[in-house]
1. Under the rule a/c < 1.5 gives rounded, and otherwise a/b versus b/c splits prolate from oblate, where does the range A:279-481 land using the Cα gyration tensor?
2. Going by Cα centres, the range B:312-331 and the range B:426-498 are how many Å apart?
3. Need one word for the range A:22-65: rounded, prolate or oblate. Basis is the Cα gyration tensor (sqrt eigenvalues a ≥ b ≥ c); a/c below 1.5 gives rounded, then a/b vs b/c decides.
4. If you average the sequence gap of Cα pairs under 8 Å that are 6 or more apart and divide by the length of the range A:279-481, what percent do you get for the contact order?
5. What residues qualify as long-range amide H neighbours of residue B:63, i.e. H under 5 Å apart, gap of 5 or more or another chain, H built at 1.01 Å from N?
6. Modelling each spin label as a point 7 Å along the Cα-to-Cβ direction, I'd like the residue A:134/residue A:226 distance in nm, to one decimal.
7. Roughly how many nanometres apart are two label points built 7 Å out from the Cα toward the Cβ at residue B:411 and residue B:280?
8. What is the packing order of peptides A:98-108, A:313-323, taking the mean over residues of other C-beta atoms within 10 Å and listing the highest first?
Amino acid sequence: MMTWTDLLTILPTVCLIVWAMLMLLAGLWMPKRAEVIHPFAAILGLAGTGAALSLLAGKGLQGFGGMVRLDSYAVFLDALFLVSGVLAVVLSPAYLKRVGIDQYEYYPLILLSLSGMLLMASASDLIMVFLSLELLSLPLYVLAGIARPKLESEEASLKYFLLGTLASGFVLFGISFVFAATATTGFAAAAAAVQAGTAHMALLLAGAALLIIGLGFKIAVVPFHFWAPDVYQGAPSTVTAFMAVGAKAAGFAALLRLVLMVFAGEAGVIVPVFAVLAALTMFGGNLMVLVQNNLKRLLAYMGIASAGYMLMAFVPFANPAVQADSLASALFYLLSFALASFGAWAVLVSLEQADGSGMEMVNLSGLGRRAPLLAAALTVFMLSFTGIPLTLGFWGKFYLFRTAIAGGYTWLAVLGLLTSVLAAFAAFRVIQQMYFKPGEPNVHPSYWTTVVAVFCALCVLVLSFLPGELFTLAVKALIGA
Amino acid sequence: MIFGMNPLLVVTLFPLLGVLVLLVLRPQWKNALRWTALATSLLTFGLSLWMLGLFNSADGGIQMDLNLPWFYLGGTSIAFHLGVDGLSILLVLLTTFLTPIAILSTWKSVEEKVRGFMIFFLLLETGMLGVFLALDMAVFYIFWEFTLIPMYFLIGLWGGERRLYAAVKFVLYTLTGSLLMLAGILWLGLHAGTFDLTALTANNTLSLTQQLWLFGAFGIAFAIKVPMWPLHSWLPDAHTEAPTAGSVILAGVLLKMGAYGFLRFNLPLFPQASIKLAVWMGILAVIGILYGALVAYRQKDAKRLVAYSSVSHLGFVMLGLFALNTQGISGAVLQMVNHGLSTGALFLIVGFLYERRHTRELNAFGGLWKVMPVLGGIALVVTLSSMGLPGLNGFVGEFSILLGAFGANPWIAGAAALGVILAAVYLLHFFQKLFLGPVTQEANLTLKDLSARELAVIVPLLAVIFWIGLYPKPFFTLMAPAVDKLLAVLQAASAAMH
């Protein structure tokens with residue numbers, strides 16, 4: 001029987017789903033003129049969910065026999081998801097109107113995908129992981145193709161769907177192996193089986209490998225990253241902004257919890273794998289950023305490289321002295337990444353033309369003069385991605401590298417730091433294009449996209465002066481607390 | 001204390017006040033913007049003199065200490081810790097002294113985007129002061145990296161023809177070094193459990209191997225900034241392409257950040273590694289001295305010539321530092337100031353000529369003495385000061401450095417002395433090409449001599465050039481106790497090694 005506590009643990013997810021359903025139904029009956037109401041309704045739903053979440057925060061609820069845990073880790077990530085949901089919704093109306101996307105399903109789909117992300121953050125059972133993975137991905141596949149009949153958008157949708165299902169397949173296959181090894185799908189029960197020595201180690205490792213690959217697709221680490229630039233490029237910019245942060249963070253949410261709770265005993269095998277993946281991703285991601293002339297692809301690779309840095313700090317997770325920092329530094333960086341990423345996409349949203357063009361590096365020429373606020377904001381985001389001080393990204397990297405060095409992986413940290421030079425080259429190329437190259441960019445800054453860009457830029461700058469509070473927040477976001 | 005405020009905090013943050021005023025002013029009010037920036041930098045200079053007044057030159061330790069806790073990260077506290085001692089006070093004064101001069105030099109040369117220029121310039125001043133005053137490694141790093149951004153824009157927006165290339169090269173070179181330093185900072189902070197420099201110096205538990213690694217991590221960052229041969233290749237481009245005021249600050253102050261880094265981090269924190277590597281650093285310094293001088297002689301562009309002369313001069317500074325004795329180190333500190341004054345003045349002279357003729361080719365000039373006697377006279381004094389003529393500032397510094405270097409290693413010092421002769425060769429070549437001989441080009445016949453504003457720019461430099469040359473004692477007095485303290489650390493490390 002479902003208890004009251006069970007319901008409470010999934011209340012945020014339920015809120016979003018119910019609200020999305022209501023919006024879908026209402027959308028059917030709503031006259032065309034009233035469509036301005038959709039974004040407001042979506043914000044209202046997100047605010048309501050946020051309120052529900054704030055009431056449940058700090059209680060450490062567990063539901064469905066431990067399958068769902070609304071611990072402080074989940075709450076931190078849920079808050080991040082909700083904020084990115086709000087930012088995505090705020091970015092959308094002007095953009096959708098300009099590029100002629102006229103589907104009222106857009107906002108409910110965002111809410112549905114968010115509900116999956118929220119569930120993912122609390123999922124403590126493999127079945128739950130799979131369910132939430134599908135719940136967050138399916139609406140994203142549709143959203144990627146929502147600019148139909150634009151071919152690029154449809155292609156992106158199909159590509160995302162095919163590779164997404166492949167990833168899901170890996171995850172599902174991995175789940176079956178873990179189940180075969182431990183006779184359970186629950187994280188805690190599986191860990192207990194490993195502790196007790198009743199688990200079949202070879203099967204468990206095979207399951208771990210498959211799960212890491214499956215989730216590796218979702219967080220786009222090299223070599224499972226190649227779909228990301230194509231999908232990011234083809235999908236409507238606001239959708240990309242949303243999934244670049246949301247889907248990546250959700251993938252990390254599941255991966256970190258899974259590894260820490262279930263596979264901590266297999267660190268001997270998993271750590272070298274993570275070290276190699278992190279090194280490949282930091283190096284490969286940043287190397288490929290260098291040669292991008294399309295801004296959407298550029299941001300895609302910057303996102304890939306960022307995943308590499310987060311993975312790097314997670315490499316020494318098995319060392320009890322740094323485990324808390326591993327988790328906290330990843331969460332902290334996720335936050336700084338989310339702000340910079342959303343802000344940067346907001347600038348790109350203002351640059352995209354109705355036919356999808358305007359996304360090349362040359363289209364930035366003269367932006368410093370034409371749209372000083374947007375250009376300054378994009379400069380801040382680029383510096384934050386690079387990790388230049390007085391941006392939140394600097395403290396993010398500072399903490400990540402500190403964790404890696406504290407865990408004894410100085411070589412990995414030095415590699416990561418040196419790849420930051422490549423990132424800097426790419427970032428300064430963008431800045432140079434905006435300020436030093438003359439041109440008349442075709443930019444459509446709507447009020448709200450500018451607000452998002454400036455808001456994110458101010459957060460990135462101002463929060464860099466008070467990182468202490470955020471560090472504390474991230475450190476407190478522990479699994480199971 | 002004004003209103004109980006720490007003088008260092010006031011000096012460091014005062015330029016930001018000017019930035020705020022500039023942000024309020026309209027971009028078209030060019031003169032108002034210029035005067036605001038100049039007034040801000042002059043007031044900052046005044047405040048730094050007030051700081052000097054409060055400074056006790058008999059004390060070799062950190063003074064006017066300001067330690068504001070900032071936040072904790074994994075049990076380690078990071079604090080906004082500022083302090084000044086005899087090693088940094090001269091560089092602080094150099095910064096606040098050169099900034100108004102550089103700003104005043106832009107009256108005619110910067111006509112576009114004046115507001116942005118002045119904002120970046122004042123931001124840069126705060127960044128540089130922060131570097132010299134920070135005593136927490138994280139805060140030091142923040143200021144260190146922060147100086148990159150304004151300088152990048154100063155070169156990229158107001159620079160010469162190849163400014164894009166020069167700006168990016170400047171950033172990437174410096175950043176590569178800085179990131180290695182960040183790895184070193186993080187490692188050291190974790191190892192010692194503190195980011196505080198005073199605590200690190202007081203309680204040093206590093207083994208020789210650890211010191212050598214850290215020396216490398218920090219040393220590469222600083223060596224790029226100095227720049228030491230063979231990491232110097234960003235410098236000629238950045239200096240040549242930067243606007244005159246930018247070159248003055250680049251050569252005058254930014255390069256000193258590298259030498260200061262060696263002084264503040266490598267020597268006191270990794271003393272055993274410093275002793276082990278002193279000979280090698282000395283050899284690199286001498287290569288830099290000779291290489292810089294030889295390449296400078298072959299330049300056709302006056303600004304590039306001055307840029308390469310910096311490589312040579314900074315070689316002397318590094319030679320002095322790694323002599324690891326009193327004369328060497330105090331000579332090096334003084335020579336940092338001297339180089340800021342003389343090379344700053346040389347860049348200004350080239351800038352005056354460029355504003356008049358829009359070329360920097362040595363061959364485009366000649367015989368200017370007849371047309372511009374005042375500039376000619378000033379240029380002669382500056383050239384001779386850069387060469388190290390007795391009675392002018394360069395001599396005091398170089399002589400002290402060579403004295404120290406002879407004490408450490410006569411062979412290296414002998415080779416370095418050759419650099420003094422080579423300096424005479426390229427600098428006299430520079431002066432002769434510009435000012436002596438007949439006037440070969442007609443355009444040069446009608447050149448106007450220095451205006452009152454231009455004199456106001458360069459005369460203060462000349463005054464200090466003479467002051468240091470004739471009466472250097474106050475400068476040595478300021479730094480002596482701090483140098484002694486540093487040497488005590490080095491001697492203790494040397495004793496521990498045997």
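1. Prolate shape, in that a/c is at least 1.5 and a/b is the bigger ratio.
2. Cα centres, the range B:312-331 to the range B:426-498: 15 Å.
3. Oblate shape, in that a/c is at least 1.5 and b/c is the bigger or equal ratio.
4. 33 percent
5. HN-HN under 5 Å from residue B:63: B:84, B:85.
6. Result for the modelled spin labels: 2.8 nm.
7. Label-label distance for residue B:411 and residue B:280, simple model: 1.6 nm.
8. Taking the mean over residues of other Cβ atoms within 10 Å, the ranking is A:313-323, A:98-108.
Read-outs throughout are calculated quantities, based only on the coordinates presented, and are distinct from any laboratory measurement. Note that this is a predicted model, so its numbers are computed, not measured. Neighbour counts are summed over all protein chains in view; Cβ atoms, including those assigned to glycine, are modelled from backbone coordinates with ideal geometry.
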